[in-house]
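What follows is a set of notes on a single structure, which appears directly below.
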């Protein structure tokens, strides 16, 4: 297996797949589904460097579940598996306490 290490403030993300059926049991075909905007951070770079050469660590770390924009990052394949590589500033937020990451849990967290 190839090892990939992002540079600077980039992160490597694996998309978290959404369920292919609704609660009512309706199967959603792949062509009708949007790509998920949720993923797991697989690997991170060392951090952002300023003009003076000081490096600032990233706010996300390996294993974090994140939300990102619909058109964020660049899709790549490593050993036949699809990933996204993006800059940290494309991350919208980190999910905490949402092991399954369902939309119902996310909606409840806005209270």
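None of the figures in this text is laboratory data; all of them are computed from the coordinates on show. Computed from a prediction, not measured in an experiment: that's the story for all the values here. Methodologically, a virtual Cβ is constructed for each residue, glycine included, from the backbone with ideal geometry; neighbour enumeration extends over all protein chains shown.
At a glance:
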| item | result |
| --- | --- |
| Stretch gain in nm, segment residue 3-residue 67, where the contour uses 0.36 nm per residue and the Cα spacing is subtracted | 20.7 nm |
| Label-to-label distance, nm, for residues given as residue 40 and residue 89 (7 Å Cα→Cβ offset) | 2.9 nm |
| Peptide ranges 6-17, 80-91 listed from the most packed, as the mean C-beta count within 10 angstrom indicates | 6-17, 80-91 |
| Cα-projected label distance for residue 17 with residue 76, points at 7 Å along beta-carbon direction, nm | 2.3 nm |
| Segments 64-71, 48-55 sorted - mean Cβ within 10 Å per residue, highest first | 64-71, 48-55 |
